[in-house]
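Trainee: Below: one structure in structure tokens.
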Amino acid sequence: MTALSPSHAWRRWRPTPLLQATFALHAGTVGLLALQPGLWPWGLGALATNHLALTAAGLLPRSRALGPNWVRLPPAVAAGHIAITIDDGPDPKVTPQVLDLLDRFDARASFFCIGSRAQCHSDLCREIVRRGHAVENHSQHHYHHFATFGPRRMAREVQAGQDNLAAVTGQRPCFFRPTAGLRNPFLEPILARQGLYLASWTRRGYDTRNGDADDVVRRLTTGLGAGDILLLHDGNAARTDAGAPVILAALPPVLKAATAAGLTTITLRAALRASTP
């Protein structure tokens, strides 16, 4: 197995204020009901409200209520940079064209790859790395109900993706992105044990269901600024009216807009190295 780099050192898990309040509420409710069983409706209501808050936090991809979350590049590297992140691949037809477009603009991207797809298209994953991009962990199977998993199943899904992507590329991913960015409180402790960081985005074009390339570009570039993390898809990409994957039509104008704004691209992995003492 590929050796761990310094960036993959075990991270100490620190519960967020919401989780600290959750632990205190549960302990307090148990103690209260032990003394006053008749107050169970109030206790049940308090716990239900708390679980709704936890669920809401997990349904907001950019939320930090459940743990650290890269929604922007860190201040140490944000100046003059943006990050392009590309999900759901590798796709044997689309990804090679995406790589050629990135080469044309001398741009770098972070590809959040699905472990099972990487195993089927291992040469393509290695080509992503060979061309100077980064392969990150988008889980092993990309289950749409990932956020409903318990801790053991969620850990297996993260671990399998991590191990398989490392075996294919020779590099262990530094970042994890769950399906659609949805998660639950079990995820952050798992990522901390793996030395992984959760990454979401600053802006997205909804290009898995939006076939209007101009609208995707508008969503990604309006107000584009230093530190932004952009989300696109090479796998599961919507199609334009002409039948082309949206990313192939949207990526060139996005990169042109970045250049016009004086912004260069950086991988999340490079940003992590540059911002870690």
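The values are calculated or read from the model by the stated rules, or taken from the named source; none is laboratory data. From a predicted model like this one, the values you see are computed outputs, not experimental measurements. Cβ sites come from the backbone with ideal geometry, for glycine too, and all protein chains shown count toward neighbours. Remember, those area values only see protein heavy atoms, side chains included, never the ligands or the DNA or RNA. Shrake-Rupley method; radii C 1.70, N 1.55, O 1.52, S 1.80 Å.
Trainee: At 1.4 Å probe radius, can you tell me the per residue accessible area of the chain in Å²? Could the numbers behind the result be given before it?
Mentor: Details: 12720 Å² over 277 residues.
Per-residue accessible area for the chain comes out at 46 Å².
Trainee: Place the peptides 246-254, 68-76, 12-20 in order of packing, highest mean first, counting for every residue the other Cβ atoms within 10 Å and averaging per peptide. Numbers along the way, then the final one.
Mentor: Numbers: 246-254: 22.1, 68-76: 16.6, 12-20: 13.1.
Result, highest mean Cβ count within 10 Å first: 246-254, 68-76, 12-20.
Trainee: Of the listed peptides 133-145, 232-244, what is their order by residue-averaged count of other C-beta atoms within 10 Å, with the highest listed first?
Mentor: Working: 133-145: 21.3, 232-244: 17.5.
Those peptides, ordered most packed to least, come out 133-145, 232-244.
Trainee: If contacts are Cα pairs under 8 angstrom and at least 6 residues apart, what is the relative contact order of the chain in percent?
Mentor: On the way: 525 pairs, mean separation 74.8, N = 277.
Once normalised by length, the contact order is 27 percent.
Trainee: Remind me, relative contact order of the range 79-225 in percent, using alpha carbon pairs under 8 angstrom and six or more residues apart?
Mentor: Numbers: 221 pairs, mean separation 27.9, N = 147.
Once divided by the residue count of the range 79-225, the mean separation gives 19 percent.
Trainee: Can you tell me the 0 to 90 degree angle between the C-alpha axis of helix 17-35 and the longest principal axis of the chain, rounded to 10?
Mentor: Long axis of 17-35 versus the principal axis of the chain: about 20 degrees.
Trainee: Another question about this same structure. Roughly speaking, to the nearest percent, how much of the chain's 1.4 Å accessible area is carbon and sulfur? Walk me through the numbers on the way to the answer.
Mentor: On the way: 7490 of 12720 Å².
Carbon-and-sulfur percentage of accessible area, whole number: 59.
Trainee: Right, another one. Roughly what angle does helix 151-169 make with the longest principal axis of the chain, taking Cα atoms, 0 to 90 degrees, to the nearest 10?
Mentor: It works out to around 20 degrees.
Trainee: What number, in percent, do you get for the relative contact order of the range 149-249 if the mean sequence gap of Cα pairs under 8 Å and at least 6 apart is divided by its residue count? List each step's numbers first, then the result.
Mentor: On the way: 110 pairs, mean separation 21.9, N = 101.
Once normalised by length, the contact order is 22 percent.
Trainee: Further question on the same structure: Mind checking the angle between helix 40-59 and the chain's longest principal axis? C-alpha axes, 0 to 90 degrees, to the nearest 10.
Mentor: That works out to roughly 10 degrees.
Trainee: In a Gaussian network model over the chain where Cα atoms closer than 10 Å are linked, find which of G150, G115, G58 has the largest mean-square fluctuation.
Mentor: G150
Trainee: Follow-up. Taking every Cα atom in the range 120-277, find the radius of gyration and the maximum pairwise distance Dmax, and write them in Å.
Mentor: So, for the range 120-277, Rg and Dmax equal 16.4, 48 Å respectively.
Trainee: Now, a different point. Given 37 °C and 0.692 mPa s, how large is the Stokes-Einstein diffusion coefficient of the chain in µm²/s, with Rh as the Kirkwood radius over Cα pairs?
Mentor: My calculation gives 167 µm²/s for D.
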